[in-house]
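Trainee: Handing you this structure, nothing more for now.
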Amino acid sequence: MEFFLEASLKGLSKWLRFFGYKTEICEDKIDKEKILKYKDKTFLITSPNTAKLLQKAGVRYLLLPRESLKAQLTLLIHKLDLTTELRLNLCSICGGELIPVKKEDFKDFIPPRVYQFYDEFNYCPKCKKLYWQGDHIKRLEKRLKNLIKK
Ligand SMILES: [Zn+2]
């Protein structure tokens, strides 16, 4: 399942990417042209007007509450039965696929302490960001727990 999100849903997009779902953000208005181009994806939106357009076009979409990330995430998980395991295989910034790399090859870019303590590193070839699994994951897990708590 791939998602096409309204620009206001960037926060949600990040979480979907953490779960391993491919997302694309629409920076401008979602119009007929865009709907046609991305019709195979699931549209996530907050505008009832856009919902009307999508319904007319017969495209799969979900109308989400505007204000809270928690409400958005809860509804999405519930309606689409998403897995909420943190796969962290996609770049949370650009959505590109991360590739595992040897830390030796990136030694110059890694803080010495990180280099010492961690072995798993992933790299985004698209935006050249390097990720490592450390405290970051624990923080994310905690935040996720709070977000999807009933
Ligand atoms: Zn990236």
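The values are calculated or read from the model by the stated rules, or taken from the named source; none is laboratory data. All values derive from a computational prediction rather than experimental measurement. Cβ placement follows ideal geometry from the backbone for every residue including glycine, while neighbour counts extend to all protein chains displayed.
Trainee: Restricting attention to segment 110-150, report how many residues are polar (S, T, N, Q) and part of a helix (DSSP H, G or I). Explain how you work it out, then say what you get.
Mentor: Taking segment 110-150 as the starting set, the residues that turn out to be polar (S, T, N, Q) are 116, 122, 133, 146.
Adding the requirement that they be part of a helix (DSSP H, G or I) leaves 116, 146.
Within segment 110-150, residues that are polar (S, T, N, Q) and part of a helix (DSSP H, G or I) number 2.
Trainee: Something else now. Residue 139 versus (1) farther than 30 Å from residue 51 by Cβ; (2) within 15 Å of the ligand (Cβ to nearest atom): which is the lone unmet condition?
Mentor: Of the numbered conditions (1) farther than 30 Å from residue 51 by Cβ; (2) within 15 Å of the ligand (Cβ to nearest atom), the odd one out for residue 139 is (2).
Trainee: Right, next: Regarding segment 3-17, can at least one residue be identified that is farther than 26 Å from residue 131 by Cα, modelled with pLDDT of 95 or more and either in the same structural domain as residue 137 (by TED's automatic domain parsing) or out of contact with any Phe, Trp or Tyr (no Cβ under 7 Å at 6 or more places or on another chain) (or both)? Give the derivation first.
Mentor: Our first condition is that a residue be farther than 26 Å from residue 131 by Cα; within segment 3-17, this holds for 6.
If we keep only those that are modelled with pLDDT of 95 or more as well, we get 6.
Next, only the ones that are either in the same structural domain as residue 137 (by TED's automatic domain parsing) or out of contact with any Phe, Trp or Tyr (no Cβ under 7 Å at 6 or more places or on another chain) (or both) stay: 6.
Yes, the conditions are met somewhere in segment 3-17.
Trainee: Quick one: which residue in 19, 43 is of a type outside the set (Asp, Glu) and within 22 Å of residue 140 (Cβ to Cβ)? Talk me through it step by step, then tell me what you get.
Mentor: Working: 43 fails: within 22 Å of residue 140 (Cβ to Cβ).
On inspection, the qualifying residue turns out to be 19.
Trainee: Looking only at segment 53-60, decide whether some residue is within 19 Å of residue 6 (Cα to Cα), surrounded by 15 or more Cβ atoms within 10 Å (Cβ to Cβ) and either within 16 Å of the ligand (Cβ to nearest atom) or at pLDDT below 95 (or both).
Mentor: Within segment 53-60 (the criterion being within 19 Å of residue 6 (Cα to Cα), surrounded by 15 or more Cβ atoms within 10 Å (Cβ to Cβ) and either within 16 Å of the ligand (Cβ to nearest atom) or at pLDDT below 95 (or both)), the answer is no, since none of the residues qualifies.
Trainee: For the condition within 14 Å of the ligand (Cβ to nearest atom) and either in the same structural domain as residue 134 (by TED's automatic domain parsing) or touching a Leu at 6+ places or on another chain (Cβ under 8 Å) (or both), what is the one hit in 76, 90? Please lay out each step first, then the result.
Mentor: Details: 76 fails: within 14 Å of the ligand (Cβ to nearest atom).
Checking each option against the conditions leaves just 90.
Trainee: Now a separate question. Condition check: out of contact with any Cys (no Cβ under 9 Å at 6 or more places or on another chain) and closer than 23 Å to residue 12 by Cα. Does residue 103 satisfy that? Spell out the reasoning first.
Mentor: Numbers: out of contact with any Cys (no Cβ under 9 Å at 6 or more places or on another chain): yes; closer than 23 Å to residue 12 by Cα: no.
Taking the combined requirement at face value, the residue does not satisfy it.
Trainee: Is one or more of the residues making up segment 72-86 surrounded by 15 or more Cβ atoms within 10 Å (Cβ to Cβ), under 21 Å from residue 132 (Cβ atoms) and either at pLDDT 95 or above or hydrophobic (A, V, I, L, M, F, W, C) (or both)?
Mentor: yes
Trainee: Return the pair list, or none, for Cβ contacts closer than 7 Å from residues in segment 108-128 that are within 16 Å of the ligand (Cβ to nearest atom) to residues that are part of a helix (DSSP H, G or I), at least 6 apart or on different chains.
Mentor: From segment 108-128, the pairs are 121/103; 121/106.
Trainee: Give segment 95-107 a look and list any residue that's exposed (fewer than 13 other Cβ atoms within 10 Å of the Cβ) and within 12 Å of the ligand (Cβ to nearest atom), or say none. Break it down into steps so the answer makes sense when it comes.
Mentor: Filtering segment 95-107 down to residues exposed (fewer than 13 other Cβ atoms within 10 Å of the Cβ) leaves 99-100, 102, 104-105, 107.
The one that is exposed (fewer than 13 other Cβ atoms within 10 Å of the Cβ) and within 12 Å of the ligand (Cβ to nearest atom): 99.
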